[in-house]
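Here's the structure we're looking at; comments come further down.
The values are calculated or read from the model by the stated rules, or taken from the named source; none is laboratory data. Just so it is clear, the structure is predicted and the values come from calculations on it, not from any experiment. Virtual Cβ from ideal backbone geometry, glycine too; neighbours counted across all protein chains shown. The accessibility values were calculated without ligands, DNA or RNA, using every heavy atom of the protein model including side chains. Shrake-Rupley method; radii C 1.70, N 1.55, O 1.52, S 1.80 Å.
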Amino acid sequence: MERNEKLQKLLVMKFGGTSMGSADRMRVAREITSTQARQRPVAIVVSAMSKVTDLLLDTLRKAEGEDQTSLDANLKTLEERHVQTCRELLPVERQEAVLISLHSIIGEFRRIAQGIMMLGERPPRSVDEAVAVGERLSALLMAAHLEATGTPAEAVNAADVVVTDAVFGNASPLMEQTRNRAQSKLGALLEKGVLPVVTGFNGATTDGRATTLGRGGSDFSASILASVLDASDLWIWTDVDGIMTADPRLVPHAKVLPDLTYAEAAELAYNGAKVLHPRTLAPLVEKKIPVWSKNSFNLSAAGTKISPTVDAPMGPRAVTSMANVALVSVEPANPELNSVQVMSRAMGALAAADAELLAMTSSSYRQNFCFLIRREELPHSMAALETTFALELAHGYLKPLEVDENVGLLAIVGEGMRGTPGMAGRIFTAISREQVNIIAIAQGSSELTIAIVVRRDGLEKAVRAVHDECQLGTRQ
Ligand code: ASP
Ligand code: MG
């Protein structure tokens with residue numbers, strides 16, 4: 001498709017839940033947006049107001065449990081929060097129309113919740129439809145506020161733009177179809193000089209069934225849209241100064257990184273850094289669209305720029321950690337068992353359980369292997385593994401599956417690790433010096449990341465030891 005002249009230099013910005021958290025926060029977001037919109041075309045993607053998605057999910061659980069009192073109380077909280085924001089944000093003469101839309105969206109949510117209560121269960125597609133209401137409400141308010149302050153804007157439900165597969169709760173985009181819809185729908189608005197305020201988090205299947213992209217998925221929504229609209233930049237506004245060398249709660253002298261490569265940022269996100277949704281970077285790689293992570297609470301901070309390449313210094317750049325993980329070990333008791341087949345079936349079971357594999361190591365001599373998954377994915381992953389291996393476990397061909405929940409993962413990331421001999425040795429020594437037990441080590445073939453599983457109670461110490469040993473933040 002020909003690239004529209006007017007869409008050149010398009011800036012896509014995403015505002016997270018805290019940046020949408022109140023009338024005051026929306027004013028800041030509007031100021032940022034209108035300043036940029038005076039200079040070039042802008043589209044924004046918004047999260048639900050902070051805590052609203054949790055509230056909606058809790059309401060649906062209450063509905064499933066037939067708890068009408070809590071359901072009503074939650075709906076009241078939802079309504080009051082948005083009505084109050086509307087009143088604080090908009091001039092009186094504009095409030096009425098917005099309140100009508102607001103109540104109508106909340107009414108949709110109420111009907112789905114009541115349906116769930118009657119059914120006594122939460123069908124995933126109804127949950128997805130209901131939970132996208134948070135973003136629809138914030139987009140409505142934000143678009144009205146932009147309009148009221150002189151920037152023509154329109155709220156857009158991403159269900160009309162982002163086409164996905166039918167994996168409810170964790171859908172993936174179908175990029176070509178999304179491109180067509182985005183170019184026609186959002187392109188038309190932009191050409192008219194109207195700023196689209198698109199809901200983050202949600203989409204719909206080709207045949208119109210509501211989906212969501214997974215918790216925290218608004219970052220991903222924004223990168224999908226930046227990609228299909230051929231944006232020149234993506235700015236992601238959050239409540240921290242950028243991506244840091246470590247979690248500042250664990251390492252008080254951690255520093256903001258001025259830049260990172262896509263691969264470094266993706267590794268950090270997948271290994272537990274909270275700043276970006278892990279799937280955010282993939283849609284941008286091919287078009288080399290740079291992403292900025294910025295703080296809407298501190299406009300003077302430069303933020304972190306994420307782009308294809310960086311003049312990276314030698315060695316690692318950041319360390320991240322995950323505490324809520326579990327290590328599962330599988331060990332054949334019978335040498336006849338083909339361990340490659342066992343491994344492949346174990347992976348099949350995990351895939352069917354939709355569990356994410358965080359790290360894996362194997363030993364060829366004892367034919368055993370162990371892998372790390374999130375603790376919240378443990379129950380259904382174990383159920384899937386036990387079903388898959390029911391026969392082998394019953395006959396004792398496989399030893400009982402072992403689970404160790406008393407572990408944590410730390411990951412040391414940096415493009416410069418590739419060319420730094422002895423780095424792994426220094427890292428292991430630094431961790432051992434703190435008397436922290438290393439349980440497993442995994443290094444991907446990219447050599448970008450070393451992932452280390454340690455005893456849970458040594459995790460924080462290990463993070464600090466690595467940060468100091470590698471002098472992270474001093475050479476950035
Ligand atoms: N509101 C959604 C969530 O809380 C999506 C997002 O904020 O990115 O998960
Ligand atoms: Mg987020």
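Computed quantities for the displayed model
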| item | result |
| --- | --- |
| Translational D in µm²/s for segment 153-300 (Stokes-Einstein at 25 °C, 0.890 mPa s, Kirkwood Rh from C-alpha pairs) | 153 |
| Hull shadow area, averaged, segment 296-409 [alpha-carbon convex hull, nm²] | 11.1 |
| Share, in percent, of DSSP beta bridges within segment 237-343 that are antiparallel, nearest 5 | 45 |
| Nearest-ten-degree value, helix 459-469 long axis tilted from longest Cα axis of the chain | 90 |
| Rg to Rh quotient for segment 77-128, alpha carbon positions, Kirkwood Rh | 1.13 |
| Over 22 Å between alpha carbons, listed pairs Lys51/Lys288; Lys399/Lys461; Lys255/Lys294; Lys185/Lys294 | Lys51/Lys288; Lys399/Lys461; Lys185/Lys294 |
| Within the chain, helix-based [θ] at 222 nm, where runs of 4 or more DSSP H residues each add -39,500 (n - 2.57), nearest 500 | -13000 deg cm²/dmol |
| For the chain: accessible area per residue (Å², 1.4 Å) | 43 |
| Helix axis angle, 92-119 relative to the chain longest principal axis, alpha carbon, degrees | 40 |
| Distance from segment 58-75 to segment 267-333 (C-alpha centre basis), Å | 36 |
| Inverse of mean 1/r across different Cα pairs in the chain, Kirkwood, Å | 24.0 |
| Spin-label proximity, Glu66 to segment 109-130 - amide N less than 13 Å from point 7 Å beyond Cα toward beta carbon | 117-121 |
| Pairs of alpha carbons in segment 336-391 whose separation is greater than 14 Å (percent) | 53 |
| Between helix 218-228 and the chain: long-axis angle, C-alpha atoms, 0 to 90°, nearest 10 | 80 |
| Accessible area of segment 183-285 belonging to carbon and sulfur atoms, whole % at 1.4 Å probe | 57 |
| DSSP bridge pairs, the chain: antiparallel proportion in percent, nearest 5 | 60 |
